[in-house]
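Single-structure report; data block below.
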Amino acid sequence: KLLILDDWGMEKMSARQANDLLDVMEERYQNTSTIIASQLPVNEWYKLINNPTVADALLDRLLHNSHRIELAGESMRKLDQSDHLR
């Protein structure tokens, strides 16, 4: 029932990928939960999708009624590695 998209936005989506994801999100919209983890700020997500109409529809389904948690600071991986170097 939960879909997790990890490392969202590492590369631009093809038209097929964007359409497929839109179909999936349309089925899930307001029925099940989706978690998206990304290092890319939300205001940059639109640029990942070449078709503006698909981008509008997809982002509306992903972001409407969403809860966002934005983290700040150094990566825990970097901090953990620096502890091992000491």
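Quick notes
- Where a residue in the range 40-61 is of a type in the set (Val, Ile, Thr) and its partner, wherever it lies, is not in a helix (DSSP H, G or I), with Cβ under 8 Å and at least six apart: Val42/Arg68; Ile49/Lys12; Ile49/Met13
- Taking the range 4-25 as the range and being closer than 11 Å to Leu62 by Cβ and in contact with a helix residue (DSSP H, G or I) (Cβ under 8 Å, 6 or more places away or on another chain) as the test, the residues that pass are Trp8, Leu21, Leu22, Met25.
- In the range 1-16, the qualifying residues are those that are of a type outside the set (A, V, I, L, M, F, W, C) and under 24 Å from Ile69 (Cβ atoms), and the one that is most open to solvent (accessible area, probe 1.4 Å) is Lys1.
- Per the listing Asn31, Asn19, Asn51, Asn65, the residue uniquely modelled with pLDDT of 90 or more and exposed (fewer than 10 other Cβ atoms within 10 Å of the Cβ) is Asn31.
- Matching residues, the range 34-48, being of a type in the set (S, T, N, Q) and open to solvent by less than 80 Å² (accessible area, probe 1.4 Å): Thr34, Ser38
The values are calculated or read from the model by the stated rules, or taken from the named source; none is laboratory data. Here the structure is a predicted model, which means the values were calculated and not measured. Don't worry about glycine lacking a Cβ; one is built from the backbone with ideal geometry, like all the others, and counts go over all protein chains shown. Heavy atoms of the whole protein, side chains included, go into the accessibility calculation; ligands, DNA and RNA do not. Shrake-Rupley method; radii C 1.70, N 1.55, O 1.52, S 1.80 Å.
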